[in-house]
Each structure stands twice: as structure tokens, then as C-alpha cells.
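These notes are about the structure you will find just below.
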Amino acid sequence: MTYTKQDPTTIQALFNDIAPRYETGNALLSFNLHRLWNKALIRKALTETKPQNYLDLCAGTGDISLGY
């Protein structure tokens, strides 16, 4: 497989095309289990580390951050 550098406008157009339907696609592809996985991750993180502050890098839709 060869990597060809893409034009930034092409990448932006692809992102803009996918973004509005990302959540729906994620729900369909995971059979909506991603919500349970997120809740389990949050519960585990809170019980094991008991953070006072946190920084969610690459938050995406923010579901994990908003779940705290």
C-alpha cells in the first residue's frame, strides 16, 4: 500500500461530508453498544482514579467528557 499525500481541501471536504452522519454511523456499526462501552469506560475511570480534573484530548464528539 502506498501513501499519497492528499490535498488539504480534499481532506476537509471528506471530513465535512462525514461529520453530520458520524454519530448515526457509529450507532449502526456498533449496534448502539458504543454508548455502553463509553459508560463502562467512564465508570471504570472514576472508580479507579477518582480524578479531580481531567483533560480529554482528541475528544471527538465529547461523549466521554460529557459523561463525567
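Nothing in this text is a laboratory measurement; each read-out follows from the coordinates by a stated rule. For clarity, every value in this text was computed on a predicted model and none was experimentally measured. Positions of Cβ are generated from backbone atoms using ideal geometry, with glycine treated the same way; all protein chains shown enter the neighbour counts.
Sparsely packed loop sites in the chain (the trypsin sites (Lys or Arg not before Pro) outside DSSP H, G, I, E and B with at most 12 other Cβ atoms within 10 Å) comprise 5.
All C-alpha to C-alpha distances of the chain, sorted into 5 Å bins beginning at zero, yield P(r) values of 3, 13, 17, 19, 15, 13, 11, 7, 3 percent in whole numbers. Subtracting the Cα-Cα distance of residue 4 and residue 23 from 0.36 nm times their residue separation leaves 4.0 nm of extension gain.
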